[in-house]
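Novice: Right, I'll just put the structure down here and ask away after.
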There are 4 protein chains.
Amino acid sequence: MKVVTLKAPGGLDNLVVEKREAPGEPGPDEIRVRLHASSLNFHDYGVAIGAIPTADGRIPMADGAGVVEAVGDGVTDFSVGDAVVSTFFPTWLEGPARVGDFSTTPGDGVDGYALESVVRPATWFTHQPKGYSHEESATLTTAGLTAWRALVADGGLKAGDTVLVLGTGGVSIFALQFARMMGARVIATSSSEEKLERLKAMGAEHVIHYRQEPEWGRKVKEITAGVGVDHVVEVGGPGTLPQSIEAVRIGGHISLIGVLTGRQGDIPTAKLMAKQARLQGLIVGSRRQQMEMIQAIEACGMKPLIDSSFALEDIAAAFRHQESGKHFGKICLNW
Amino acid sequence: MKVVTLKAPGGLDNLVVEKREAPGEPGPDEIRVRLHASSLNFHDYGVAIGAIPTADGRIPMADGAGVVEAVGDGVTDFSVGDAVVSTFFPTWLEGPARVGDFSTTPGDGVDGYALESVVRPATWFTHQPKGYSHEESATLTTAGLTAWRALVADGGLKAGDTVLVLGTGGVSIFALQFARMMGARVIATSSSEEKLERLKAMGAEHVIHYRQEPEWGRKVKEITAGVGVDHVVEVGGPGTLPQSIEAVRIGGHISLIGVLTGRQGDIPTAKLMAKQARLQGLIVGSRRQQMEMIQAIEACGMKPLIDSSFALEDIAAAFRHQESGKHFGKICLNW
Amino acid sequence: MKVVTLKAPGGLDNLVVEKREAPGEPGPDEIRVRLHASSLNFHDYGVAIGAIPTADGRIPMADGAGVVEAVGDGVTDFSVGDAVVSTFFPTWLEGPARVGDFSTTPGDGVDGYALESVVRPATWFTHQPKGYSHEESATLTTAGLTAWRALVADGGLKAGDTVLVLGTGGVSIFALQFARMMGARVIATSSSEEKLERLKAMGAEHVIHYRQEPEWGRKVKEITAGVGVDHVVEVGGPGTLPQSIEAVRIGGHISLIGVLTGRQGDIPTAKLMAKQARLQGLIVGSRRQQMEMIQAIEACGMKPLIDSSFALEDIAAAFRHQESGKHFGKICLNW
Amino acid sequence: MKVVTLKAPGGLDNLVVEKREAPGEPGPDEIRVRLHASSLNFHDYGVAIGAIPTADGRIPMADGAGVVEAVGDGVTDFSVGDAVVSTFFPTWLEGPARVGDFSTTPGDGVDGYALESVVRPATWFTHQPKGYSHEESATLTTAGLTAWRALVADGGLKAGDTVLVLGTGGVSIFALQFARMMGARVIATSSSEEKLERLKAMGAEHVIHYRQEPEWGRKVKEITAGVGVDHVVEVGGPGTLPQSIEAVRIGGHISLIGVLTGRQGDIPTAKLMAKQARLQGLIVGSRRQQMEMIQAIEACGMKPLIDSSFALEDIAAAFRHQESGKHFGKICLNW
């Protein structure tokens, strides 16, 4: 079978496709999954370019979707033929956050899903949403669940809330979609007029060109009659957080997700205090939250926005497309 | 001005329309409201027929909607001309439940809104949803807020949850609508084929004819693959609660609202315990919750379902229509 | 090794002590535990007398404490020599309630701990509190965790809250102790003057003789200046629940635990509704909650109240003592 | 009567004592309070030195305790002779945070309590804890409630949790005491050996000399077996927050209170994210939370730690003592 591995010391040119023998039969609590799709996230990109150090020969990609080919004797949740999708933290099944690193995350601390077939514990997967393709399902593991957890599990989102999303990456687009499907209002930012139009078409009530409005936090307050938003899905990190703090309402909620602009920086802590706001760090979520998200997706018939698809062999090209920042929604791999 | 009062000892024939002088100017924290609409609830009916004892000459109706005619000096939330709607517990502004009776409820412990003009503290009202008529707004005070609080404030409703609603009264229809607008699935019951069709048309995924299926709790479990529902909006009381306990999932939530079938009765407490379910008593909600519901209504463009409208003078006829049980949605008064 | 089994059709005379071969080596995720103590609960009693039907030859007792004798290769949480205590729902590790029956509970759906040695998955146990004896630890599995979950996990107990506990069974005494160690006030009931004195000595601020005060719900309201209590640990069931509903404050919390007075009965649902109170069904709790309880016990140096101890061979005598209702605190088995 | 005012442009020398006429009778919803004590907080200090700009002639001090001398006709909560204590946000009665500035705070946006008698709305005060002196009560308004809200209302503190407190200011000492009275463990820091000893004597299980251990965040992790603490009461601001983020456990909670080390600074946001921790900004709390804190104080018999007391006329000397940083617990004013 085909396997993508990342040769040391990292970099997109070091992603190579090899041949390996397919895995054998699953153990009692395991399943064998014939994988067909993955999707790209900023974390996968960090691994791929070597910014996040991993073991030599690591198989990349946290997201994996495919079909169950064989099940162990003790497995009750899955049958042969079931369409399944991987989880980001395979050992975090439910309850509060228990993991603070990527040592158990496929494509980082352990081998990921850029290959044709794996044998893994059954609990490393959930069912796909009914009616989803493999590549649609693959978008859920990282980006989908991050947005769901931020707004729903952490944020207790309700109809009538106002949500601010930043840019047009995978998490932000999912956040926009989940907010809309639960009756919330959305304000979105971008630096492209064309993308702003697309955000509106997807249901954003207000859009802000953040280059034309570098003080976009204040702009958000204007739009909300001086109140600020209930939730910010903060994917930028220290470069955008000061504006997000400006934008949030008193007692509001900022989901701290991103490292796009760096790992540390100058933050107006006194303003966060005075806003009595909650800055909630998070990385993706639990398997239980993934199952709840999938129930919601099925109930609402929501579909992820896929920017483009690449063959498994073209994984480096896919990452280069991600690097360009031109995408709107998710970049997928299919095989 | 015209005023409806309830002459002792109660009964629909004792609802009489009188003439009174209009109220004068509001005090510093008060507003004067020209009322135009109300809506009927089971509680109002109890007062009207004398089942709930009140003072002689009580002006009935908890729900009131109209236009601000004058504002006191200290009022900042409202201006002359604003469209407003009353609150059920005028002194419960926010925070956890603080009231356990109807001594402050308009139309019961104090005079209600079946009249042309009142002067009241400004905090007894909120703004109407934008785009709502007075009669649409009047449906929110009791029935709308009860459903909103049950599912959203108490229940933490999220997309993908499953909600069971009983019958086609005001609270149940609102619950169906709120559930749908937040991406939840709905199972609804009725004893009329025609009403079941209408429930489906409003978005109920499954409907149950509760006379044909007297063990409808078990039926709900079948529909949900043996799991049961996340939320039951239990408006029936002791006559339906045993089936509701059967219908709810392990760890689920039953909103105990109703006294339609009585004030006490035989309840399978051991099953409630084994289900590890929560039976949450509630009466309507706080002013803050009403404001949040209205934000949600505005964000979603949701409209209440109005069964029929009567003139203020025809209030007794309106209650007789309610008594007949033929309505589907809210019965309103307009003047 | 010695094993107690329950011969069909149940009844205390059918508890017999047999000899069996000790179990062998644990599998990769298992541990072998040399058991030394158990404790008696109402549930165990129901099994023992045959009121709760189980398989012929079932080994009774949900509570088990002992020492790890051998660990499988994959076990990281325990080492040989560790003192451990069993969990009531071995497969409910954390998160919301997932179980609604006793099919996985040791001593009911599966064999329990009235024997000298078992091999079980490591996750069926937690560490004992430091400084606890085996019999002290054994009291935690069922009674301790039920009280902890009711007040802390479900109830969000805080200092200054008022808690009502009923009688002097294991759960009620634990609830009194947990409430006191978190700064809450306690009102306790009993039908024995001597027990009332002991309850006071343990920190109950007020005690009520429930035979002399059959309307003890009203008495509780008097004691609390008409307000009612924040939490009721309702172990009685339908026979006591009406008084508990009377006793709880508006917006308060009743933990529905007990079946002592029956499995169903006449309940004043309208009063529960008007109180806007929460009646929360529960059965024990999760492994995670047990670990949190043990952390609390260690931080506070709290010790369970043990009424009396019996040898394993005298298990029938121990249950007869429980049946007499004369105990105050936990009845234990030691071997 | 005597009144302290702050003459422009601020500075401790500008605190002057004047004579004024005592206020007259209270309006219908007001009470007149004869004040007897206040206590000093960092916020009051900021006003006093002019770092926080206020109106010319502002009467300083947010904390005020005294005796009700007269009550308006509409007041039901208080009687003449009642001992009362002020609230920090007079208009924030309950529910989520609604205020993001000090425009309504006595001693900042409005006149405070450094005077002999005031007439104010009754809701600006609560009852004092039974058995408290006026100066003990005065410590609760700002420092006491900040600590209570951080740990209990925001943090859901439970027995067995571990709390990190920084230094020996009023909030930190209250946090230590509340944590201990609810069965939590405390780790405390100071730069004085003598103070570390006193912290231990008050119940801190571990203490850290933060000058000798500049990497005290790592030290906290060592003490907690690599886990980190559940709650950090972060009163330092940007200068200490990086160590607090190091010290908190995965999924833990940091109460962001302080501006002692500045209003903004370099923060490791990626680490906060990876910790999946919650950084919760807060300023004091609501009147309802103050009432709950007082219930807890009464149930536990807890007393605040008073460092020293000054006469009202010596208010400048009191602030100079605060400025010196030598205090341990609260500095009070008495008159």
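Novice: Is it true that some residue in the range C:238-252 is more than 9 Å from every other protein chain (Cβ to nearest Cβ), crowded, with 19+ Cβ neighbours inside 10 Å, under 30 Å from A:L93 (Cβ atoms) and aliphatic (A, V, I, L, M)?
Specialist: Within the range C:238-252, none of the residues are more than 9 Å from every other protein chain (Cβ to nearest Cβ), crowded, with 19+ Cβ neighbours inside 10 Å, under 30 Å from A:L93 (Cβ atoms) and aliphatic (A, V, I, L, M).
Novice: Considering (1) of a type in the set (S, T, N, Q); (2) touching a Leu at 6+ places or on another chain (Cβ under 8 Å); (3) more than 14 Å from chain A (Cβ to nearest Cβ), say which one B:Q264 fails and leave the rest.
Specialist: Evaluating B:Q264 over (1) of a type in the set (S, T, N, Q); (2) touching a Leu at 6+ places or on another chain (Cβ under 8 Å); (3) more than 14 Å from chain A (Cβ to nearest Cβ) leaves (2) as the failure.
Novice: Next question. Specify which of the listed residues (D:V284, D:V259) is in contact with a Gly (Cβ under 8 Å, 6 or more places away or on another chain) and either buried (at least 21 other Cβ atoms within 10 Å of the Cβ) or in contact (Cβ under 8 Å) with a residue 24 or more places away in the chain (or both).
Specialist: After applying the criteria, what remains is D:V259.
Novice: Could you tell me whether A:I294 is crowded, with 22+ Cβ neighbours inside 10 Å, at negative phi, at pLDDT 95 or above and of a type in the set (V, I, T)?
Specialist: Numbers: crowded, with 22+ Cβ neighbours inside 10 Å: yes; at negative phi: yes; at pLDDT 95 or above: yes; of a type in the set (V, I, T): yes.
When the stated conditions are applied, A:I294 passes them.
Novice: Another one. Name, by its number, the condition in (1) closer than 26 Å to B:S133 by Cβ; (2) buried (at least 17 other Cβ atoms within 10 Å of the Cβ) that does not hold for B:A22.
Specialist: Against the list (1) closer than 26 Å to B:S133 by Cβ; (2) buried (at least 17 other Cβ atoms within 10 Å of the Cβ), B:A22 comes up short only on (2).
Novice: Go through (1) in the same structural domain as D:K158 (by TED's automatic domain parsing); (2) closer than 21 Å to D:F89 by Cβ; (3) of a type in the set (S, T, Y) and name the single condition D:S286 misses.
Specialist: Checking D:S286 against (1) in the same structural domain as D:K158 (by TED's automatic domain parsing); (2) closer than 21 Å to D:F89 by Cβ; (3) of a type in the set (S, T, Y), the one that fails is (1).
Novice: May I pose another question? Going residue by residue through the range A:39-51, is there one that turns out to be within 21 Å of A:E292 (Cα to Cα), crowded, with 23+ Cβ neighbours inside 10 Å and of a type in the set (S, T, N, Q)? Please lay out each step first, then the result.
Specialist: In the first step, residues of the range A:39-51 are kept if they are within 21 Å of A:E292 (Cα to Cα); the result is A:39.
Those still in the list that are crowded, with 23+ Cβ neighbours inside 10 Å too: A:39.
Still in the running and of a type in the set (S, T, N, Q): A:39.
Yes, there is a match, as at least one residue in the range A:39-51 is within 21 Å of A:E292 (Cα to Cα), crowded, with 23+ Cβ neighbours inside 10 Å and of a type in the set (S, T, N, Q).
Novice: If we keep just the residues of the range A:113-132 that are within 18 Å of the chain's Cα centre (by Cα), touching a residue at least 60 places away in the same chain (Cβ under 8 Å) and surrounded by 20 or more Cβ atoms within 10 Å (Cβ to Cβ), which is farthest from D:T269 (Cα to Cα)?
Specialist: A:Y132
Novice: Considering the range D:92-112 alone, what residues qualify as being surrounded by 20 or more Cβ atoms within 10 Å (Cβ to Cβ) and not in a loop (DSSP other than H, G, I, E, B)?
Specialist: Within the range D:92-112, just D:P106 meets the criteria.
Novice: Moving on to the next point. Filter the range A:60-91 for residues that are in a loop (DSSP other than H, G, I, E, B) and surrounded by 21 or more Cβ atoms within 10 Å (Cβ to Cβ) and give the result.
Specialist: If the condition is that a residue be in a loop (DSSP other than H, G, I, E, B) and surrounded by 21 or more Cβ atoms within 10 Å (Cβ to Cβ), then A:P60, A:M61, A:A62, A:D63, A:G64, A:T87, A:F88, A:F89 are the ones that fit.
Novice: Here is a follow-up. Taking the conditions exactly as written (in the same structural domain as D:I315 (by TED's automatic domain parsing), in contact (Cβ under 8 Å) with a residue 24 or more places away in the chain and within 18 Å of the chain's Cα centre (by Cα)), does D:V84 satisfy them or not? If you could, list the steps in order and put the result at the bottom.
Specialist: Details: in the same structural domain as D:I315 (by TED's automatic domain parsing): yes; in contact (Cβ under 8 Å) with a residue 24 or more places away in the chain: yes; within 18 Å of the chain's Cα centre (by Cα): yes.
The answer is yes for D:V84.
Novice: Quick one: in the range C:53-99, which of the residues that are closer than 12 Å to C:W124 by Cα and of a type in the set (S, T, N, Q) is farthest from the other protein chains (Cβ to nearest Cβ)?
Specialist: This residue is C:S86.
Novice: While we're here: Which of the following residues is on the phi > 0 side of the Ramachandran plot and touching a residue at least 12 places away in the same chain (Cβ under 8 Å): C:G64, C:G27, C:G74, C:G11?
Specialist: Details: C:G64 fails: on the phi > 0 side of the Ramachandran plot; C:G27 fails: on the phi > 0 side of the Ramachandran plot; C:G74 fails: on the phi > 0 side of the Ramachandran plot.
Checking each option against the conditions leaves just C:G11.
Novice: Does the range B:298-329 hold any residues that are out of contact with any helix residue (DSSP H, G or I) (no Cβ under 8 Å at 6 or more places or on another chain) and either within 14 Å of chain A (Cβ to nearest Cβ) or assigned to a loop (DSSP other than H, G, I, E, B) (or both), and which are they?
Specialist: B:E298, B:A299, B:G301, B:G325, B:K326
Novice: Considering only residues that are under 19 Å from C:R278 (Cβ atoms) and out of contact with any Pro (no Cβ under 7 Å at 6 or more places or on another chain), which ones fall in the range B:248-267?
Specialist: B:V248, B:R249, B:I250, B:G252, B:H253, B:I254, B:S255, B:L256, B:I257, B:G258, B:V259
Here's the yes/no breakdown for (1) over 28 Å from B:V171 (Cβ atoms); (2) among the small types (G, A, S); (3) outside the structural domain of B:R120 (by TED's automatic domain parsing):
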residue: B:A22; (1), (2), (3): yes, yes, no
residue: B:S38; (1), (2), (3): no, yes, no
residue: B:H43; (1), (2), (3): no, no, no
residue: B:A51; (1), (2), (3): no, yes, no
residue: B:I59; (1), (2), (3): no, no, no
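Novice: If we scan the range B:144-160, do we find a residue that is touching a Pro at 6+ places or on another chain (Cβ under 8 Å), buried (at least 24 other Cβ atoms within 10 Å of the Cβ), under 25 Å from B:C332 (Cβ atoms) and modelled with pLDDT of 95 or more?
Specialist: yes
Novice: In this structure, does A:S191 turn out to be more than 18 Å from A:F174 (Cα to Cα), in contact (Cβ under 8 Å) with a residue 40 or more places away in the chain, away from chain B (no Cβ under 14 Å) and not aromatic (F, W, Y)?
Specialist: Details: more than 18 Å from A:F174 (Cα to Cα): yes; in contact (Cβ under 8 Å) with a residue 40 or more places away in the chain: no; away from chain B (no Cβ under 14 Å): yes; not aromatic (F, W, Y): yes.
In short, no.
Novice: While we're on this one: Within the range D:94-104, is even one residue under 22 Å from D:F174 (Cα atoms) and out of contact with any strand residue (DSSP E or B) (no Cβ under 6 Å at 6 or more places or on another chain)?
Specialist: yes
Novice: Let me confirm something: among D:Q290, D:Q295, which residue is part of a helix (DSSP H, G or I) and more than 9 Å from every other protein chain (Cβ to nearest Cβ)?
Specialist: On the way: D:Q295 fails: more than 9 Å from every other protein chain (Cβ to nearest Cβ).
Only one candidate qualifies: D:Q290.
Novice: Name the single residue that is nearest to the other protein chains (Cβ to nearest Cβ) among those in the range C:160-178 being farther than 19 Å from C:Q243 by Cβ and in contact with a helix residue (DSSP H, G or I) (Cβ under 7 Å, 6 or more places away or on another chain). Walk me through how you get there before you give the answer.
Specialist: At the first step, the residues of the range C:160-178 found to be farther than 19 Å from C:Q243 by Cβ are C:160-161, C:170, C:173-174, C:177-178.
Adding the requirement that they be in contact with a helix residue (DSSP H, G or I) (Cβ under 7 Å, 6 or more places away or on another chain) leaves C:160, C:170, C:174, C:178.
Working: C:G160: 3, C:G170: 17, C:F174: 13, C:F178: 7 Å.
Step by step, filter the range C:160-178, then rank; the result is C:G160.
The values are calculated or read from the model by the stated rules, or taken from the named source; none is laboratory data. Quantities reported herein were computed from a predicted structural model and do not represent experimental measurements. Cβ coordinates were reconstructed from backbone atoms using ideal geometry, including for glycine residues, and neighbour counts include every protein chain displayed.
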